[in-house]
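Heads up, the thing below is written out as structure tokens.
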Amino acid sequence: MKTIIPILVLAVACSPALAQQQRPDWKGKNQGTTKDERQRMRQDMQDVYRDRDRQERPRQMSPQEREKLRQDIDEANRRLKR
């Protein structure tokens, strides 16, 4: 039993070091993609952001509209509790 504990401690201590050695060696963050592919991805993302900005956003509610909405929600909640 006394010999098993040090072996287990040693195995647990070595496991993170072994796990780190098994990772592939990355030479660069864009390895595997060509310059054309990266440029195409950049253009795609620019299109997405451009489209998002073009979408019509709902107009901001006036203080009176917000107050009316609060009252309606409070009234609906009161009805639910009954």
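With R₀ set to 25 Å, the beta-carbon distance separating R57 from T33 gives a calculated FRET efficiency near 0.15.
Note on Q71 and Q46: their simple-model spin labels are 5.1 nm apart, each label 7 Å out from Cα toward Cβ.
Across the range 69-78, coupling constants 3J(HN,Hα) worked out from phi with the 6.51/-1.76/1.60 Karplus curve, θ = phi - 60°, read 5, 4, 4, 4, 5, 4, 5, 5, 5, 5 Hz, and Gly and Pro carry x.
Laboratory data are not the source of any read-out in this text; all were calculated from the coordinates shown. As the structure is a prediction and not an experimental result, all values here were calculated from the model. Every residue, glycine among them, receives a Cβ derived from its backbone with ideal geometry; neighbour counts consider all protein chains shown.
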